[in-house]
Amino acid sequence: GMARICADLGRVMSKYDCVMGANLHPDFPVDRHIFAKRVRVWVNADGFISPLDARNLVRLDVGPPARWHFAAHAGDGRVAEIVLQARMLAGRNTTVLAFSRPKDTRNDPRRLPKEADVRLTVRIDLEDRNFHSQTQRNGGAEHHFSSNTSSPRGTTGFLFKPAKDRQLLVWCTAGTYHPAPEWSDHLPHPVEQSRGQPGAGDAFSPGWFEVPLTAGAEATVVLSAEMESTETTLKVMAQGDGMDEKASGVFPAEDAFGQQLIRAARAFVVRRNDGKTVIAGYPWFLDWGRDSLIAARGLLAGGFVNEVRDLAIVFARFEENGTLPNTIHGGDASNRDTSDAPLWFGVVCEELAAVLGDSFYATVVGPGRRTIREVLISIAANLVRGTPNRIRMDVGSALIWSPSHFTWMDTNYPAGTPREGYPVEIQALWIRLLRQLSALTQGEERQHWAELAGKAMDSLDQFYWSEESGWYADVLLAGEGVPAAKATRDDALRSNCLAVVGLGLCTGLRARKTVEAARRYLVIPGALRSLAPLPVRVPLAIHGNHGGLLNDPKHPYWGRYEGDEDTRRKPAYHNGTAWTWTFPMFCEALALAWGFEESAVSAARGYLASMAGLMQQGCLGQIPEIVDGDAPHTQRGCDAQAWGVTEAIRVWRRLN
């Protein structure tokens with residue numbers, strides 16, 4: 001479930017903003033269902049009425065839990081201090097809004113005396129829709145909401161129950177509920193409007209809560225889509241789960257950046273049946289194979305060891321004929337259009353074993369009773385002979401051929417980044433897996449994997465490195481069945497070349513040249529462009545050669561991710577748009593290329609710390625998916641993205 005509330009309380013910026021977006025399936029992530037769009041609050045402070053919003057907001061503590069500190073006008077220069085704390089109950093579709101009025105322990109004459117009358121008016125605006133759609137007021141909608149809303153006896157609040165298996169119960173621990181239906185028409189959705197989508201929606205409020213708030217008291221409004229009693233919810237609220245306030249021992253308490261990254265990461269770890277998975281990004285992504293496994297590395301570094309172990313077991317069960325799911329739609333894992341997810345699985349298992357010991361490889365998973373080691377061998381063996389989705393090793397070079405749109409640069413219409421052939425990061429991951437298996441096996445099997453690893457490494461050096469450009473080529477373009485030796489090398493400077501350095505396959509001068517090219521042409525504050533701008537010529541002084549064009553004109557650079565999806569945003573997605581998840585790998589590669597010298601590590605820390613600025617905009621306390629490659633580098637896409645947060649954790653810990 002999801003609560004997505006604006007700092008300017010009561011304001012709506014997107015159709016995905018909500019106080020309660022419920023995940024209604026009991027076993028795994030599905031498209032969320034929007035029940036409550038927003039909360040609106042007014043305060044009557046000794047006879048002076050004003051809304052609680054940005055105009056009287058003194059401070060916002062990002063959390064979680066989030067806390068709004070308001071100072072509402074109360075006449076004669078006095079103010080009434082009101083605190084709102086918002087949190088969700090772990091494992092439940094329940095949002096808790098706790099209002100309190102602090103006691104005056106400072107004898108401040110500007111604060112209302114404790115005996116002054118202060119009361120709140122609270123309205124919850126409802127919807128009943130899939131979170132990708134919109135609510136429109138019409139006769140049918142008016143009847144739907146009015147006929148399905150009631151006030152249960154013994155509850156200070158209302159029940160909206162449009163179906164036997166779908167309901168929202170809203171109640172308050174104090175005060176009175178007053179039925180008073182009201183519609184809010186044409187609430188602006190400027191985020192969607194900027195994407196060429198409908199820019200407004202409607203919402204229905206069945207009534208309002210009158211909540212007295214004496215000094216030192218607290219009143220709580222609860223919104224729950226669970227089929228349970230208020231007594232059960234109160235018990236869960238009283239027990240607490242410790243997750244929101246749990247301190248991280250991974251980073252010191254004074255490391256505000258590291259601590260906030262850990263808090264941010266918790267939002268993405270969710271349950272899938274009896275295991276764990278990762279929500280790729282809020283507000284609209286669910287769990288993906290590639291994203292979950294890349295995020296698992298940072299979660300492991302952040303101390304989520306048991307969660308990552310459970311996640312690895314979930315994906316080991318998914319493995320079939322060398323493939324893993326790409327996108328997962330609820331219980332449907334049939335989309336296996338990914339060449340990198342199985343290879344990232346190998347990296348995760350390697351790093352898990354470094355924490356848990358090699359006994360992890362003997363873990364038995366799935367109905368087939370296979371071990372993790374056997375799953376890894378199945379992945380490699382199937383890649384060698386060819387998978388059902390056409391991924392295959394080229395015998396001559398020992399490199400992996402990938403179909404179009406099977407890497408993380410997977411925009412499929414229009415074909416902005418097809419990359420059919422031999423993408424560079426796939427080869428780096430493949431070599432890592434082959435080396436891993438050569439360490440896990442013995443005898444002839446060990447020799448087999450070791451020889452393939454050596455052959456693939458030789459091919460990587462031979463076909464991808466370019467002295468003329470000074471970095472590793474992004475891809476060897478080739479149709480199915482075309483060997484790497486006959487492929488066309490694409491020297492476009494993209495962030496993928498850093499995988500060779502970041503995954504430990506390249507050191508010395510080549511690593512430094514690759515990192516320097518990325519630093520000059522891809523780095524922006526907190527993110528890395530997916531393609532270098534045009535036209536740029538490689539200067540003689542950097543690489544010690546005659547120089548050359550940075551990119552071929554066949555790769556148009558898009559500096560802004562905005563406008564119509566098919567004709568503007570999709571072409572821009574991987575052709576200049578800057579990504580946050582690749583930026584920590586650049587920082588890691590910078591330190592690696594210079595052998596973790598003190599000056600290099602210090603520089604890498606400085607670059608990585610620039611991501612903290614992203615957490616102070618957009619979705620506060622989170623890292624966005626993407627930003628524009630061009631200044632002012634506006635945040636775009638999902639404004640809370642798992643692999644951006646987790647990769648920052650992983651590299652921040654390594655650099656510290």
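The values are calculated or read from the model by the stated rules, or taken from the named source; none is laboratory data. Worth saying up front: this structure is predicted, and the values here are computed from it rather than measured. Note that we place each Cβ from the backbone using ideal geometry, even for glycine, and neighbour counts take in every protein chain shown. Surface areas here come from the heavy atoms of the whole protein model, side chains and all, with no ligands, DNA or RNA. Shrake-Rupley method; radii C 1.70, N 1.55, O 1.52, S 1.80 Å.
State, to one decimal in nm², a quarter of the convex hull surface area for the C-alpha atoms of the range 292-355, i.e. the direction-averaged projected area.
Seen from a random direction, the Cα hull of the range 292-355 projects 4.1 nm² on average.
Could you tell me which residue out of Phe70, Gly416, Gln136 lies farthest along the dipole of the chain toward its positive end? Charges go on the beta carbon: Lys and Arg +1, Asp and Glu -1, centred on the Cα centre.
Farthest along the dipole direction, towards plus: Phe70.
With charges set only on the Cβ (+1 for Lys and Arg, -1 for Asp and Glu), what does the dipole of the range 230-377 come to about its Cα centre, in debye to the nearest 20?
The calculation lands at about 240 debye.
Measure of size requested: the Rg and Dmax of the range 176-265, with Cα atoms as the atom set and Å as the unit; please supply both.
Here Rg and the maximum Cα pair distance are 20.1, 51 Å.
What is the Cα radius of gyration of the chain over 2.2 N^0.38 Å, N being its residue count?
Against the empirical 2.2 N^0.38 Å value, I get 1.04 for the chain.
With point charges of +1 on the Cβ of Lys and Arg and -1 on the Cβ of Asp and Glu, referenced to the Cα centre of the chain, which listed residue (Val384, Trp579, Val475) lies farthest in the positive direction of the dipole?
Value computed over the given set: Trp579.
Go through the range 62-67 residue by residue and turn each phi into a ³J(HN,Hα) via Karplus (6.51, -1.76, 1.60, θ = phi - 60°); whole Hz please, and just put x for glycine and proline.
5, x, x, x, 7, 10
Which of the lysines could be linked to Lys486 by a straight reach, that is with a Cα gap under 28 Å, when you skip same-chain ones fewer than 8 residues away?
Lys455, Lys513, Lys554
Show that you can apply the helix-only estimate: for the chain, add -39,500 (n - 2.57) for every DSSP H stretch of four or more residues, divide by all residues, and state [θ] at 222 nm to the nearest 500.
About -9000 deg cm²/dmol.
With a 1.4 Å probe and all protein chains left in place, how much of the accessible area of the range 612-653 comes from carbon and sulfur atoms, in whole percent?
That share works out to 50 percent.
Which residues' amide hydrogens lie under 5 Å from the amide hydrogen of Trp471, considering only partners 5 or more residues apart or on another chain, with H built in the peptide plane?
The list, which skips near neighbours in sequence, is Ser466.
Gain in length, Glu142 to Ala7, computed as 0.36 nm per residue apart minus the alpha-carbon separation, to one decimal in nm?
Length difference between fully extended and current span is 45.7 nm.
First compute the accessible area of the range 39-194 with a 1.4 Å probe, then give the percent of it belonging to carbon and sulfur atoms.
50 percent
With an 8 Å Cα cut-off and a minimum separation of 6 or more residues, compute the relative contact order for the chain in percent.
Relative contact order comes out at 10 percent.
How large is the accessible surface per residue of the chain, computed with a 1.4 Å probe and reported in Å² as a whole number?
Per residue, the chain has an accessible area of 39 Å².
Run through the range 93-163 and list the GluC sites (Glu not before Pro) located in a DSSP loop whose Cβ has at most 12 other Cβ atoms within 10 Å.
Passing sites in the range 93-163 are Glu115.
Which semi-axes, in whole Å and largest first, does the equivalent ellipsoid of the range 414-502 have when worked out from the alpha carbon gyration tensor as the square roots of 5 times its eigenvalues?
Equivalent ellipsoid of the range 414-502: 26, 14, 12 Å, largest first.
With the crude spin-label approximation of a point 7 Å out along Cα→Cβ, what separation in nm comes out for Ala485 versus Arg605?
5.0 nm
Using the Karplus equation 6.51 cos²θ - 1.76 cosθ + 1.60 (θ = phi - 60°), what ³J(HN,Hα) coupling, rounded to whole Hz, does each residue of the range 575-587 give in order, writing x for Gly and Pro?
The phi angles translate into 10, x, 3, 9, 10, 7, 6, 7, 5, x, 5, 4, 4 Hz.
Share of the range 392-528's accessible area from carbon and sulfur, percent, 1.4 Å?
48 percent
Based on the alpha-carbon set only, what is the convex hull volume of the range 443-495 divided per residue, in Å³?
105 Å³
When we measure straight from the Cα of Lys15, which lysines land under 17 angstrom away, once same-chain ones fewer than 8 places off are left out?
The qualifying lysines are Lys37.
If the reach is capped at under 26 angstrom between alpha carbons, list the lysines near Lys114, excluding any in the same chain fewer than eight residues apart.
Qualifying lysines at Cα under 26 Å: Lys103.
Quick one: helix 230-239 against the long Cα principal axis of the chain, what's the angle to the nearest 10°, folded into 0 to 90?
Its long axis makes an angle of about 60 degrees.
Under Stokes-Einstein, with the Kirkwood radius over Cα pairs standing in for Rh, what whole-number D in µm²/s applies to the range 1-137 at 37 °C and 0.692 mPa s?
Value of D from the Cα-based Kirkwood radius: 202 µm²/s.
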